[in-house]
1. Suppose we filter region 414-428 for residues that are outside any loop (DSSP other than H, G, I, E, B), surrounded by 21 or more Cβ atoms within 10 Å (Cβ to Cβ) and not aliphatic (A, V, I, L, M); how many remain?
2. Out of the residues in region 305-352 meeting the condition of being of a type in the set (Ser, Thr, Tyr) and more than 21 Å from Lys412 (Cα to Cα), tell me which one is modelled with the lowest pLDDT.
3. Within the group Tyr316, Tyr337, which residue is farther than 14 Å from Lys362 by Cβ and in a strand (DSSP E or B)?
4. Which is crowded, with 21+ Cβ neighbours inside 10 Å, among the charged types (D, E, K, R) and at pLDDT 95 or above, of Lys212, Lys216?
5. Within region 377-390, can one find any residue that is modelled with pLDDT of 95 or more and of a type in the set (Asp, Glu)?
6. Which residues, counting only those in region 231-261, are of a type in the set (Val, Ile, Thr) and either part of a loop (DSSP other than H, G, I, E, B) or modelled with pLDDT under 95 (or both)?
7. So, in region 393-413, exactly how many residues are assigned to a strand (DSSP E or B) and either free of Cβ contacts under 8 Å to residues at least 24 places away in the same chain or crowded, with 23+ Cβ neighbours inside 10 Å (or both)?
8. Could you tell me which of the residues Glu454, Glu431 is assigned to a loop (DSSP other than H, G, I, E, B) and farther than 20 Å from Phe553 by Cα?
Amino acid sequence: MSQPPPPPDQPPSGGFGAPQEPPQGQPSYGYPQQPGTPPPPPPQPPQAPAAPPGMPQTPPPSPPASQSGYGYPQQPGQQPGYGYPQQPGQPGGFGAPTPPPPQGPYAQQPGMYPSYDTSGGMPGGGGGGRSNSKVIGIVAAVVAVLLVAGGGVFFLTKDDGKKDEAKGDDKANEQSDGPQKPKSTKGSQIVDWDAPTVKDITTVSGNWATDKVFAKPSLRKLVVQDLDSGKKTDVPLRGNVCAASNNMTKDHKIALVVQETISNSADCTRMVIVDLDAKKIAWDKTMPNADTRSNENVAISGDTVASAWIGGSAGYKISSGKKLWEAKPSDCRDKGYQGGKSLVAVVECGSDYDKPQVSVQKLDPDTGKATWKYEPPKGVKNVRVASTDPLVLVVGAGDELTSDVMAISDDKKLQSKISLGERYNKPCELEVNACYAMAVGPDTIYLTTTQHTEPSADGSARTNDVMAFDISTGKPKWKSAAGKNREIIPFRMEGGHILAYKLPPYDAGGQIVSLDPKDGKQTKLLQMPRSEVGQGEQAFSVSPDSVDQPLLFENGRFFLSDNLVSDREPSDGEVPKLAAGFGPK
């Protein structure tokens, strides 16, 4: 249940996807590349030389930024981002006029990848399609920029180049602990489920694991497999699953939104809580005004489960089944929820579909009332919530579905903005709580680069990298490579370390690795066996830019599954799979 947002309290400003400023030197892929031949020097400091081969993975100190995303004025010579006049050389932004700074040695050449925003962002949109106007940087010196924003006065100063230190004992301790390395990393397949036979494309969203069971929706039922004995138990449902919670409660209860009958055209009216330990339904309730088949959102936060659909929303107490709140008639609607430590809603107001008034609200889980609101800058239409604590959003500006990652502080300010462009994978699906190809730590955001070619002893190999970004500044901290002919996907935190899935090459199995938050060093936790085509890992379509449900690694076991099954006929004896799981031998 949401409340209409107040008028914006911050001025519109520099755009999402705008060119960003680079760090010094020329690191390898994942960092902005400098041109091989510098242009003739202007009457300012000389051009920065290109870095030699073998540049370290950790980026060097960065020059001060000349553009910071929303709330900061554009510098002359930069190509403005969304919503700004496309006139090279014209100062952009709102607020106090900004005198042009001197031109620095980091001018970007046409057609190159964009550069870094060292004060609040990450490399911007891809180089393709940009105009021939050069992106002008500023010298690495202290720059004071007077900016009037919402009646306040702010100053931008040069970064001192020091790394952020963990604040407080809890954060430091969290970063020092990681997943326990197993005695053996060699794994074998422990779950192998064939997909059910269906007549139409059918949703089977969700997968969960405890120390004892693995559970996954199938056709009009939830299947729970005991991981020791292999025995399967069916939990019958009224109809097929429309939506499933990403997480579960501490006592292993999950939430499903289920169709009211077995008909494929039935509405998604039922809220169902299943106890995985008992392998049975805890309760099953009819949601108010849920006469739609489009419900794809349900989230758990503490003892509250909430669901939003076109035309309504409601929250329930998981332990009792009591309805806590439901949406009232309003010009605003809760588009969807993300759970976890906080219950967060993405709210849309107004009747203009092309120009919705979007806000992000933290809710009291017992009442559904907003306790905190943040309004993204104008032009943002699509918002996904990657993390509720810290609050990290993945947004789309203008006509883009996904363009930027934003970190929001508790005092409702934009801490940092990372523009994805063409160099970084889009980590989310369509739903509000569907950012499955990234991870968020207490002070770092972990994303992936797009696939690229790296030289190898036998020619070249396709690969990608995990990139770590400081959550308070958006500055790159380090990158961690997937390795030859592999790709890597960070998917969640455990004990302060990053869990990542390294996809299998053609001649080996995939791996689950732990990444050290200090430097990205990888530790292998599980090595999957090599799978044949259509079997094991090879039965599922997963890539760094397409993860349609949570990757699941629990108690040293890794699980893959599909969220849709279709009526396609098996080919060459290849039976479609619903789920696969792997564990140590």
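1. Of the residues in that region, 5 qualify.
2. Here the residue is Ser351.
3. Tyr316
4. Within the list Lys212, Lys216, the selection yields Lys216.
5. Within region 377-390 (the criterion being modelled with pLDDT of 95 or more and of a type in the set (Asp, Glu)), the answer is yes, since at least one residue qualifies.
6. Thr249, Thr261
7. The qualifying residues number 9.
8. On the way: Glu454 fails: assigned to a loop (DSSP other than H, G, I, E, B).
The conditions single out Glu431.
The values are calculated or read from the model by the stated rules, or taken from the named source; none is laboratory data. As the structure is a computational prediction, the values presented were derived from the model and not from experiment. Glycine gets a Cβ as well: all are built from the backbone with ideal geometry, and neighbour counts include every protein chain shown.
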